[in-house]
Every structure is written in C-alpha cells, then in structure tokens.
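Presented below is the structure to which this report refers.
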C-alpha cells in the first residue's frame, strides 16, 4: 500500500479546466471592452461595425496590424527552444502557462528582404485563428488602434493582407495566413 503524500492533494486541487473557463471569461470581457473602445474612439462618426480594432506592431522597418480579437497575449521574448528540421520561419517553441506554443518569424514567412540584417525581434504576440495557436515575433508592439475599414485599401501583391492604410500600416489577415499549407509541418504532400 502506498502512502498518500501532501503533493497528491495539491495536484488533485488543480483544476486546469476551471483555469481555461476563467481565461475564456477574461477574453470575453476584453472583447467587450474592445467593442466599447471601438464604439467610443475616433473623431469621426464611423459606426463601430465599420471599424477594425488592431494590435499594431513593428517588424523590421514595416508597421503591421492584426485583429485584436485574435490576440491572446503579448510577452517579452523568452527562451525559444529551436526545433530541428523545420522551415526557417519557425523559430521554435515556448512554454506559455504550461502549453507549448510554436513561434513564427514573419520576416521569413512574408519573404521580407534581408531579415538577417535587422536586429532580432524582442516580443512575442500569442495569437489564435483557425484552431491554431501561434506566437508571432515583433520588434515592438505599439498598442491598439481603431481604423475605419474605408481607410484600408486592398493591395493585390501582399498575399496575407487585408490592405494598407494611408499611414502605411499593413493590415494582416491572420485567418488567411494561418491557412498557408507551409505551416503544416509533417503533412505528406501529394
């Protein structure tokens, strides 16, 4: 017969599902705040449903924006564990609250010119779209901006973008980006 240790009680008291529920409640609260912020921000009379609320960031010399509702967190770059045998846009994996998250370097995935000449990115945005949770590297996360959709001009030569604003902010479409077949490692190509 084995003796019960005090750690057994601690492990049994941990309820990971409850933590997930709490996180989802917090996310919904943040979504509501983002909607309220979008409805009250801006100097014009653009209706809230005609505004994109974006987390903006710098990558190299370019400025990008992604839908804030797809962002699960931002953190300073931590130790990224490299994974052998994957394409160069995969930087590796990190541990985020006990979950392994793959980290992408968009400089390589988006074929930016000479990504090696820039200083290494220092921040990771944890994102989720199309049932994929991925970390995206950034040189600097700037903050949240609300942009009227009418100011986002479509650009054909940028495959994963919704468009570009007059201030040269490239609005990325994460759902389209996360559908890229190159992101599926180990899938047999036919």
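No lab work stands behind these numbers, since they all come straight from the coordinates. Everything numeric in this text was worked out from a predicted model, so none of it was measured. Reconstructed Cβ throughout: ideal geometry from the backbone, glycine too, with neighbour counts over all protein chains shown.
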- Item | Taking the stretch 50-182 and dividing mean pair separation by its residue count, relative contact order in percent (alpha carbons under 8 Å, at least six apart) | 30
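Between residue 97 and residue 149, what's the calculated FRET efficiency when r is the beta-carbon distance and R0 is 35 Å? Round to 0.05. Write down the numbers at each step before the final one.
Details: r = 34 Å, r/R0 = 0.96.
Efficiency, rounded to the nearest 0.05: 0.55.
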- Working out 0.36 nm times the residue gap between residue 130 and residue 77, then minus their Cα-Cα distance, what length gain in nm do you get to one decimal? 16.7 nm
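For residue 167 and residue 31 in one chain, what is 0.36 nm times their gap in residues minus the Cα-Cα distance, to one decimal in nm?
Working: separation 136, 0.36 × 136 = 48.96 nm, distance 2.57 nm.
Once the chain is fully extended between residue 167 and residue 31, it gains 46.4 nm.
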- Note on the structure: Length gained if residue 58 through residue 175 is fully extended, taking 0.36 nm per residue and subtracting the Cα-Cα distance, is 40.1 nm
- Query: Where the centre of each part is set by its Cα atoms, how far does the stretch 157-184 sit from the stretch 54-77, in angstrom?
  - Reply: 12
